[in-house]
Amino acid sequence: MKRLENKVAIITGSGRGIGRETALLFAQEGARIVVSDIDSAAGEQTATEIRRAGGTAIFVRADVSQRADAQVLADTTVGEFGRIDILVNNAGILRDATLLKMTEEQFDQVIAVNLKGVFNCTQAVAPVMIQQGQGKIINVSSVVALYGNFGQTNYVAAKSGVIGMTKVWARELGRKGICVNAVCPGFISTEMVKSVPEKILSAMKEKVPLGRLGEPKEVAQLFLFLASDESNYINGAVISIDGGITV
Ligand code: NAP
């Protein structure tokens, strides 16, 4: 028996990086996948890869910062597959600058995608899960929400807010049979991290007790556990996956 047999999963930002690995892994474990991304070419590619490997996947373009897009995402999923078992709120962006240099636009963009995007998608999907009496919501935060980070006022504000919303929804939706958890990745080897200057990256690696970056697949495996029935009593948790950087 596959670990996500008969489940329907939406993964935002799954055109590349951690989201893409998650979509591929969930499909291997038997889930029907709704690949979603703002980038249509990348998203279509992930969905095609899943279908080529014998899985079931559709692509739905959605900019998570747009409430109408989030609603279309939920409605299309129900229209296609009849239910929504898993939502991975993974889409995210970086617009780094120190406090004095950060523009209002940089601040607003990151809040719109990384914080409001999570609210938009969860609000669109939750009524379906409530009606089913079950569901799993995985919110992607970051270790920097736990200890702050130089140059990331906007990102840390959003990712800390994601942890806060996770705790609220664990209470509100837990009684409806829905588990809501937050995951805090450390430094994971994706395009997002490749944009970080080399000097900062090697300084970060030195701080990781395991002495290396994480792989997107390693994060996807934690998401798989949280999406599966193996974690049915885990609700409102904030789980780090960071090679020990927060120790
Ligand atoms: P990534 O490689 O940049 O992938 C993110 C995906 O989300 C991209 O395909 C991106 O499309 C898409 N996206 C951007 N804005 C969007 C929007 N408004 N609506 C829908 N999709 C959108 O990032 P990643 O490294 O895999 O990160 C995934 C998540 O993990 C993010 O929430 C990130 O904050 C979090 N995280 C990552 C790390 C890390 O070290 N990588 C650490 C901690 C937390 P475009 O390519 O068009 O922008």
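At a glance:
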| quantity | calculated |
| --- | --- |
| Percent carbon-and-sulfur accessible area, the chain, ignoring ligands, DNA and RNA, probe 1.4 Å | 52 |
| Viscosity 1.002 mPa s, temperature 20 °C, Stokes-Einstein D of the chain from Kirkwood C-alpha radius, µm²/s | 120 |
| Share of Cα-Cα pairs in segment 196-244 lying beyond 14 Å, as whole percent | 62 |
| Ranked packing of 88-99, 124-135, most packed first, by mean Cβ within 10 Å | 88-99, 124-135 |
| Per residue solvent-accessible surface (Å²) - segment 76-215, probe of 1.4 Å | 47 |
| Given charges at beta-carbon only (K, R positive; D, E negative), |dipole| of segment 102-247 in Debye | 280 |
| Inter-centroid distance (Cα atoms) of segment 201-247 relative to segment 1-44, Å | 19 |
| Point-charge dipole on Cβ atoms (K/R +1, D/E -1) for the chain, about Cα centre, debye to 20 | 380 |
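The values are calculated or read from the model by the stated rules, or taken from the named source; none is laboratory data. These numbers were taken from a predicted model, which means no experiment stands behind them. We place every Cβ from the backbone using ideal geometry, glycine too, and count neighbours over all the protein chains shown. Protein only, heavy atoms only, side chains kept; ligands, DNA and RNA dropped before computing areas. Shrake-Rupley method; radii C 1.70, N 1.55, O 1.52, S 1.80 Å.
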